[in-house]
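Some notes on the structure that comes next.
Taken together, the values in this text are just the output of simple stated rules run on the coordinates, not laboratory data. Please read these numbers as outputs of a predicted model, since none were measured by experiment.
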Amino acid sequence: MKPEDLKFAQSHEWAHFAQTDGQQIATIGISAHAVEALSDVVYMELPEVGAEVAAGTSFGEVESVKATSDLFSPVTGKVIEVNTALPENLDLLGSDPYGQGWIIKVEVTDDSSAAALLDFTAYEAQCSE
């Protein structure tokens, strides 16, 4: 996925929206900027499939040699898939944050939070401040 096609939360998570079988599905990850700021990621805690997530609330955490940070959901819904390969291959976050480094897929149940997400240009402007 290209970052220009994604929506971003101010907390550095990204979301890609797609319609599948009449449902809106959001693939969620963290931005290249966030991965760079964290530097060496050593651990990631992910939710279980079936977990409910709410926009702006934590769904897991990522730990680096610098700090531990919560992962915040940019949308409200139910986790339908988790990138189970990621905890064993954390390098994917740095090498392909918008592709193989995706974290979870959520069936969106309330899309009102999507309106608050930033486009790539606005997100880049936020990061450069």
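Show which aspartates and glutamates lie in cross-link reach of Lys7 when reach means a straight Cα distance below 18 angstrom and same-chain residues fewer than eight apart are skipped.
Reachable aspartates and glutamates: Asp96, Glu107, Asp110, Asp111, Asp119, Glu124.
To the nearest whole percent, what portion of all C-alpha pairs in the chain is separated by more than 27 angstrom?
Tail of the P(r) past 27 Å holds 10 percent of the pairs.
For the chain, what does the helix formula give at 222 nm: sum of -39500 (n - 2.57) over DSSP H segments with n ≥ 4, over the residue count, nearest 500 deg cm²/dmol?
Numbers: 3 runs with 21 residues, N = 129.
Roughly -4000 deg cm²/dmol at 222 nm, from the helical runs in the chain.
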